[in-house]
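Notes follow once the structure below has been shown.
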Amino acid sequence: MRVRLRFTKTGKIRWTSHRDVARVWERVIRRVGLPVAYSQGFSPHPKLHFGLALSTGHESVAEFIDIDLDDDSPALPSPDELDALPLRISAALPIGLEVTGCAVIPSNTTSLQQAVESCEWDIEIRNVAPDAVEAAVARVVAADDLTITRQRKGKDVTDDVRPYVLALAVVGSTDAGTLVHAHLATQPRGLRVSELLALLDPAWEEGLVRRTAQWTLIDGARHEPLPGPVEPTSTSHATVRAS
Amino acid sequence: MTVWTELEPLLAKVQKPARYIGCEDGVYTPDHHAGAASWLLAYPDTYEIGLPNQGLQILAEIINERPDGAAERTYAPWGDLEELMRATGLPLFSVDTHRAAGDFDILAFNLSAELTYTNLVNMVDLAGCPIRSVDRSADDLLIGAGGHCTYNPEPIADFLDFVVLGDGEEAVGEITEAVAAWKQAGKGDRLEILRTLAGIEGVYVPRLYDAVFGDDGLLVEVVPNDPAAPATVEKRTIADLGEWPYPKAQLVPLTEVVHDRLNVEVFRGCTRGCRFCQAGMITRPVRERPADQVRTMVSEGLQRTGYDEVALTSLSTADFSGIEQVVVDTVNDPDCGGQVSVSLPSLRVDAFTVGIAAEIQKARRTGLTFAPEAGTWRMRQVINKLIREEDLYAAVRSAYSQGWRRMKLYFLTGLPTETDEDTLGIATLARNCVEIGKEFHRNPSVTVSLGGFVPKPFTPFQWFGQNTREELQRKIYLLRDELRRDRGVQLKWHDPKASMAEGLASRGDRRLADVIEDVWRHGGTFQEWGEHFDLRLWEEALERAGLREEDFVYRHRTEDEALPWDHLSAGLHKDFLWQDWRDALAEVGLEDCRWTPCYDCGACTGYGIEHVVASAVPPAGGSQGTGQDLTVGGEVPVTLLPSKPAPVGARA
């Protein structure tokens, strides 16, 4: 049985790495006694599948993890127990990580890393006024192509990244600066938040950055990685709770 | 007051920001109220090195359980953050609630490595506190230290207000009480609290003592200059480890640290009597934790933390009475799902059996390290590590037969009376181990790890003149050349350059404070990190202070000369240590006193305490492989544990 969970990563814990969070999950699974399946071989490890890595320092309210459970285990959760799972796991997670959704998915579901086509972000730009950001956003949105050179697998690669910018707008101001909402495609190479920021103005400093949604594309329609239709919007919405 | 708002913007600019956020599972919420003495417990190295330190975690729990105490933790900020902190005026802070160091009453360090001393000075400075005790006023932090290094605190005596010798479990409560009372009374005269602290057993207040030097530059004595200071400060020893089931909630960090697993201390102290080993000398006698308490701490700890590995820690874990049963019970505990691995650090080869090997490799094979320490039987008699070659080969055979393909052998070089034959004996042992491996596997491998010996206070080798850097290097290269063609043996060694600085800090006197401050002022922090160690800084600092390394490090000391730590006591009689030193030079070994008559070293008799072990029968391998008949005991001071030990959490 494969279970997909949605979880948040907010507050101080945002300074941990993707790898740190993976290790937290391995311990939490054991603490709550979830009958996770283990890989075979010389050094067995629990079968956990993570989605797109979140940069150290970024928050998220839309992280996902797939967990393979041992179908032969007597501790395999019943439907009722599955409903209670988010609260049970959240209680064992460190502050700042919280499970906000849970569903059983087919074991042959495309991996999160391949299935997710785009992510939405709230990006705070420190110490820059909204109108200055507006101007830069307008320039990026109006551009026909945006060619950047970046390192991929140790090589310099030149890409037109304009197609990755699905939406970009100033949405308000914060204590520390201006808040921008961005919807960025992730396939095949994706555009990172830091790369977008450099396109807007290389001198600007990133403040609080939060991933607000991840989307898969099925027959041209956007779906959240958890089953069940969720209306795509351009604002934060990943608050569907299973409990 | 929290400095998180000031700290957070800096985190985006540093490596490994998770070092500074705290948020560990199991962390206490400290209650800082006006009547509570607040401790900032510090480990003077990075978070990854310092977090697993059990001493710091034990003391934090004990203090936070007290109504008159509150404790948080801090670690040395890495250079990138330190630079930003100094640029923005951000002081040293706790990782628990990100409280500024200056808002605490006490900043206390755990010192387990001498090369961290410059980090200590740096952290006191980052805390906004004058680095020398004499320059501090009543409002400044009280700077304290404990841990193995503090058996000779003289090189850092000028930086410290108080030092705790020995086990801290009881002393920390008494200090808390004294400081809380002083705080409630409005923190008057600073000397007043220092005098009060000096009256607590096991607490040394360096300012209340003068170091007297002769015309020849040699130390004459360290004597009290105040009636509140005792002439000799005796270490503290907790009589029964079973009464202290700490840490009750071992911290689980969010980011990767060394020893990232559950650690359960199964006993404290060791009486094997290895003459190079300071830990074995200063932590006597042996005090075992009741086996049932170990089992409870392991199973509750694994469930609470989610770790899949537990280390049973001590100075020689295979000596724990009934160790095999504890390992079997842990590995086969149904609650652990068959996925728990047990690691046994500090395994003696004469107690490593096929049975233990078979059990600990059930879940996952962890690394295996044996420490023969020296290459020939003659040399091992000198250092009193009396394991025979057959013992080593039997242990290695057990491991290979149970599926291990590689193992690590730990050796020291630069030992007293060491000849090139002894050094080259290491190559012979390693080769023979590889040959045994070939009976079981195609490409067995053995890693030889070679460390330079640094003599430590309160050991029989405290009088021995350390090998020079050049001599250590020569021996390392001798062995490297010898092993050049051996495919199965990899040689790794510690850079002998740092051994000189470690020697200075280990056996130096109060004059070293100028040297340590000088090295720090010239940027010499993180000196225990190979890439940061800078020998030139130490040599130049010595020259500026008018001191010679020869006098502190390389010179053999004489029986009648004063040692900088003579006014402190680890319970060991100085004449016992001197006799053991003479025995070493005569190549005479000394059996483990757990199962043989008492030698009256002083550690038990001086404090009216005894060994606490559950078994009157020595472990496999007997008494150090000497084949001595152990059934003929004498006056053996052993307290057998009661059959029903106290459960975890219960306090006598």
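The values are calculated or read from the model by the stated rules, or taken from the named source; none is laboratory data. If you're wondering where the values come from, they're calculated on a predicted model, not measured in any experiment. Note: ideal-geometry Cβ built from the backbone for every residue, glycine included; neighbour counts use all protein chains shown. These accessible areas exclude ligands, DNA and RNA; they are computed on the full protein's heavy atoms, side chains included. Shrake-Rupley method; radii C 1.70, N 1.55, O 1.52, S 1.80 Å.
Above 18 angstrom, tally the Cα pairs of the range B:69-142 and express them as a % of all pairs, no decimals.
38
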Normalised radius of gyration for the protein assembly as shown, please: alpha carbon Rg relative to 2.2 N^0.38 Å, two decimal places. 1.03
Run the paramagnetic zone check for A:Ala167: 7 angstrom along Cα to Cβ, then residues of the range A:113-151 with backbone nitrogen under 13 Å. A:118-122
Between B:Asp420 and B:Asp210, Cβ-based FRET efficiency (R0 45 Å, step 0.05) works out to 0.50
Helix-only mean residue ellipticity at 222 nm, chain B, DSSP H runs n ≥ 4 weighted -39,500 (n - 2.57), per residue, nearest 500. What is it? -9000 deg cm²/dmol
Per residue of chain A, what 222 nm ellipticity follows from adding -39500 (n - 2.57) for every DSSP H run with n ≥ 4, rounded to the nearest 500? -6500 deg cm²/dmol
In Å, the Kirkwood estimate of hydrodynamic radius for chain B over Cα pairs equals 25.7
With Rg from the Cα atoms and Rh as the Kirkwood inverse mean 1/r over Cα pairs, the range B:291-361 has an Rg/Rh of 0.94
What does the charge count near B:Glu482 come to, summing +1 for each Lys or Arg and -1 for each Asp or Glu among other residues with Cβ under 13 Å from its Cβ? +1
Please tell me the relative contact order of chain B in percent, rounded to the nearest whole number, where contacts are Cα pairs under 8 Å and at least six residues apart. 14
Highest first, please rank the peptides A:80-88, B:395-403, B:584-592 by the mean number of other Cβ atoms sitting within 10 Å of their residues. B:395-403, B:584-592, A:80-88
Output ³J(HN,Hα) for the range B:285-301: one whole-Hz value per residue in order, computed from phi by the Karplus curve 6.51 cos²θ - 1.76 cosθ + 1.60 with θ = phi - 60°, and x for Gly and Pro. x, 6, 10, 7, 7, x, 4, 5, 5, 4, 4, 5, 5, 5, 6, 5, x
Can you give the average number of partner chain beta-carbon atoms within 10 Å of each beta-carbon in peptide B:22-28, as a whole number? 3
Counting only other chains, what is the mean number of Cβ atoms within 10 angstrom of the Cβ of each residue in peptide A:209-219? 0
With every protein chain kept in place and ligands, DNA and RNA left out, what is the accessible area per residue of the range A:114-223? Probe 1.4 Å, answer in Å². 50
Amide H neighbours of B:Asp210 at under 5 Å, excluding residues fewer than 5 places away on the same chain, with H built from the backbone geometry, are B:Val223, B:Asn225
Within 10 Å of each Cβ of A:12-22, how many other protein chain Cβ atoms are there on average? 5
Taking the alpha-carbon centroid of each part, what is the distance from the range B:69-104 to the range A:3-61 in angstrom? 29
Could you state, as a whole-number percent, how many of the C-alpha pairs of the range A:114-223 are farther apart than 17 Å? 54
Highest-first arrangement of B:313-322, A:33-42, B:419-428, B:187-196, where packing means the average Cβ count within 10 Å: B:313-322, B:419-428, B:187-196, A:33-42
Using 5 Å bins from zero, what percent of all Cα-Cα pairs in the range B:493-611 falls into each bin? 2, 9, 15, 16, 13, 12, 12, 11, 7, 2, 0
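Between A:Leu52 and B:Lys438, how high is the FRET efficiency from 1/(1 + (r/R0)^6) when r is the Cβ-Cβ distance and R₀ = 60 Å? Nearest 0.05.
Efficiency, from the Cβ-Cβ distance: 0.80.
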Mean projected area, convex hull of alpha-carbon positions in chain A, reported to one decimal in nm², is 14.8
Using a 1.4 angstrom probe on heavy atoms only, work out the carbon and sulfur share of the accessible area of the range A:97-168 in %. 48
For B:Arg555 and B:Leu191, FRET efficiency with R0 = 41 Å and r from the beta-carbon atoms, rounded to 0.05? 0.65
Based on the Cα gyration tensor of the range B:5-146, what are the three equivalent ellipsoid semi-axes, each the root of five times an eigenvalue, rounded to whole Å and given largest first? 21, 18, 16
Out of every Cα-Cα pair in the range A:89-130, what percent are more than 13 Å apart? 75
The relative contact order of the range B:340-455, taking Cα pairs under 8 Å that sit 6 or more residues apart, comes to a percentage of 29
HN-Hα J couplings of the range B:13-27 from phi, Karplus 6.51/-1.76/1.60, θ = phi - 60°, integer Hz, Gly and Pro as x? 9, 10, 5, 6, x, 5, 4, 10, 9, x, 6, 5, 6, x, 6
Treat the range A:1-117 as a sphere of radius equal to its Kirkwood radius over Cα pairs and apply Stokes-Einstein at 37 °C in a medium of 0.692 mPa s; give the translational diffusion coefficient in µm²/s, rounded to a whole number. 224
Hits in the range B:131-170: amide N under 11 Å from the 7 Å Cα→Cβ extension of B:Asn225, namely B:134
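Please quote Rg/Rh for the range B:35-85 to two decimal places, taking the Kirkwood radius as Rh and restricting both calculations to Cα atoms.
The Rg/Rh ratio comes out at 1.08.
Exceeding 30 Å between C-alpha atoms, which entries from my cross-link table qualify? They are B:Lys16/B:Lys385; B:Lys16/B:Lys183; A:Lys9/B:Lys408; B:Lys16/B:Lys492. Could you put the intermediate results ahead of the total?
Details: B:Lys16/B:Lys385 41 Å; B:Lys16/B:Lys183 37 Å; A:Lys9/B:Lys408 40 Å; B:Lys16/B:Lys492 28 Å.
Going by Cα-Cα distance, B:Lys16/B:Lys385; B:Lys16/B:Lys183; A:Lys9/B:Lys408 fall outside the 30 Å limit.
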Report, to one decimal in Å, the Kirkwood hydrodynamic radius for the range B:365-510 based on all distinct Cα pairs. 15.9
